[in-house]
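Input: a single structure, listed below in structure tokens.
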Amino acid sequence: MKLLYFAWVRQKAGVAEENVTLPGDVRDVSGLISWLRTRGEGYEAAFSDLSVIRCAVDQEHGGLDTPVAGAAEIAFFPPVTGG
């Protein structure tokens with residue numbers, strides 16, 4: 001599965017994208033984030049406040065309860081505002 005990180009999420013995590021094999025107990029975005037936070041201080045910092053994290057699973061906006069089984073790509077990014 002490809003994981004993509006954008007804006008300050010990328011800066012804190014220290015990586016723009018990576019390919020990972022998820023542990024079998026990761027079922028949804030929330031579980032994925034919990035697993036990522038165990039991978040180091042950068043991930044812990046990037047995902048410390050889930051109220052400011054948005055995600056897309058296979059380019060469809062999702063939430064913390066969105067399933068990840070069978071997904072090819074998950075992107076994480078901060079809220080976006082326009083003007």
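Per-structure values
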{"read-out": "Rounded, prolate or oblate (a/c below 1.5 giving rounded, otherwise prolate when a/b exceeds b/c) for the range 1-72 by Cα gyration tensor", "value": "rounded"}
{"read-out": "Accessible area in square angstrom per residue, the chain, 1.4 angstrom probe", "value": "58"}
{"read-out": "Beta bridges per DSSP with both ends in the chain, % antiparallel, nearest 5", "value": "75"}
{"read-out": "Nearest-20 debye value, the chain charge dipole, Cβ charges on Lys, Arg, Asp, Glu", "value": "160"}
{"read-out": "Of all accessible heavy-atom area on the range 8-83, the percent that carbon and sulfur account for (1.4 Å)", "value": "48"}
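The values are calculated or read from the model by the stated rules, or taken from the named source; none is laboratory data. All figures in this text were calculated on a predicted structure; none of them were measured in a lab. As a convention, Cβ positions derive from the backbone with ideal geometry for all residues, glycine included, and neighbour counts pool all protein chains shown. Ligands, DNA and RNA are excluded from the accessible area calculation, which covers all protein heavy atoms including side chains. Shrake-Rupley method; radii C 1.70, N 1.55, O 1.52, S 1.80 Å.
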